[in-house]
Amino acid sequence: MGKLVCSKCGKKAKFYCPVLEKHLCSMCCAVLRKSQIKCSIDCLHFAEVQRYKLEQIKVWNMKFLSTLNEHEVEFFFQQPMQVFLFEYVLNNTVQDIANLNYSDFEEGVDLTIQYYKAAKSNIIWEPDTVNNNANLFFNKLKENIEEFNTNLDSMEESLKIELTPEIIVKALEFELKAHEFYTKNQPSAPTYLEQLDITINSIFKEKELEKSQIGNIIAPSRGDLIIK
């Protein structure tokens, strides 16, 4: 049998891609994984990459934890379910929006914080921005939060935690600080949006659940990735 070659560039192939159903070299695999394909959990190489990144995230989470003040640490560890549920909704929002860059995310988060701060005081507030992606993020996140709160009755008792304006503002300020930390420490740290997606997916994988089964999850915590 002749040597396997990459279907994209013709160089020696190292991996078989179950999504493309073709062989790829390591460089083309990395490029496509970041930009063009949604990797399958059936790919052994992708699983190995995710395990490696998760180990990196655990290390960087320890470093991030050391930057938090007493109140932020208290919120993170004493309300792990609220943090996880919000991050679940936040990550779904991020994954729904194509070409969301760092500045779009930061502005979208800032808009959402302003909206829910106003909501805490029963004030109606509407965003004023020319950034379409930031505005899309704001509206999509607000929509996903409302949908999550609407479906609380379908969840088990321990998960019936409403994402209130107070929780949302605290969580977003926490997430924004995490985003700034990871961005500042690039390129050695994984990106914030990348580590968020890997972390959420790792919790579902560990519990052997599909995302549609969120109502069956018992008290997971992103903090587990720090304290294990």
Given the condition over 26 Å from GLU72 (Cβ atoms) and either modelled with pLDDT of 80 or more or among the basic types (Lys, Arg) (or both), answer yes or no: does some residue in region 182-195 qualify? no
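Taking the criterion of being within 24 Å of SER202 (Cβ to Cβ) and of a type in the set (D, E, K, R), would at least one residue in region 113-128 satisfy it?
Looking through region 113-128, none of the residues is within 24 Å of SER202 (Cβ to Cβ) and of a type in the set (D, E, K, R).
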Counting only residues in region 131-155 that are in a loop (DSSP other than H, G, I, E, B) and either of a type in the set (Asp, Glu) or at pLDDT below 90 (or both), the one farthest from GLN95 (Cα to Cα) is identified as MET155
What are the pairs, 6+ residues apart or on separate chains, where a residue within region 45-62 that is under 18 Å from SER26 (Cβ atoms) and of a type in the set (A, V, I, L, M, F, W, C) has its Cβ under 8 Å from a residue that is surrounded by fewer than 17 Cβ atoms within 10 Å (Cβ to Cβ) and modelled with pLDDT under 80? PHE46/SER40; ALA47/ILE41
If you go through region 61-93, how many residues are of a type in the set (S, T, N, Q) and farther than 16 Å from GLU180 by Cβ? 6
For region 160-175, does any single residue satisfy the condition of being under 24 Å from LYS38 (Cβ atoms) and either crowded, with 16+ Cβ neighbours inside 10 Å or at pLDDT 85 or above (or both)? yes
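The values are calculated or read from the model by the stated rules, or taken from the named source; none is laboratory data. What you see is a predicted model; the values in this text were computed from it and never measured. Backbone-built Cβ (ideal geometry, glycine too); neighbour counts: all protein chains shown.
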